[in-house]
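To start, the structure itself, in structure tokens.
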Amino acid sequence: MKKVITYGTFDLLHVGHINILRRAKELGDYLLVVLSTDEFNAIKHKKAYYSYEDRKQILEAIRYVDEVIPENTWEQKISDVVDNDIDVFVMGHDWEGKFDFLKDYCEVVYLPRTEGISTSKIKNDLGLKGQKK
Ligand code: C2G
């Protein structure tokens, strides 16, 4: 079984998220999503609208997603890949090059982002400007 892993906050779920999850799943048989906790989001200077538990439940309802586990630190990726027998690491190309250290442990794939949509854009368009991102 070819196992794929990806990471993110996945707040205010939109087609950009669905597109990366679908394409990630297409690279294997099993997709593990490592979901940023509310505490880790604070470290990323992000504030999700939905709690970790709600974002986890939403992701688990997506056909492409097989498992969701918490992302608590920047440093957990090597152990996540090794401990879960991961074959492919996938991220959007806004992260191009940032996780190449994982090439010692698995294939690393950066996929094009979906243009014109983002959680920040949704918040801005809804007049939530100035809210903590
Ligand atoms: N994404 C995309 N197209 C968009 C928006 C997001 O392809 N229009 C992708 C991102 O490139 C990322 C994934 O969707 O691969 C999740 O995006 P975020 O929830 O914004 O995650 P991020 O804050 O980038 O977290 O340790 C890694 C971090 O947790 C990544």
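Every number in this text was worked out from the coordinates using simple rules, so none of it is lab data. Computed from a predicted model, the values in this text were never measured in an experiment. Glycine also receives a Cβ, built like all others from the backbone with ideal geometry; neighbour counts cover every protein chain displayed.
The table for this structure:
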item	result
Difference of contour (0.36 nm per residue) and Cα-Cα distance, ASP94 to TRP74	5.6 nm
Full-stretch length increase - SER51, ASP29 - with 0.36 nm per residue and alpha-carbon distance subtracted	5.1 nm
Residue-by-residue Karplus 3J(HN,Hα) for region 43-57, coefficients 6.51, -1.76, 1.60, Hz, glycine and proline x	5, 7, 6, 10, 10, 6, 5, 8, 5, 4, 4, 5, 4, 5, 4
Pairs beyond 24 Å (Cα-Cα), from LYS98/LYS123; LYS2/LYS77; LYS46/LYS103; LYS56/LYS121	LYS98/LYS123; LYS46/LYS103
Convex hull per residue volume in Å³, alpha carbons only, for region 1-102	95
Estimated FRET transfer efficiency when R0 is 22 angstrom, pair ARG22-ASN124 (beta carbons, to 0.05)	0.30
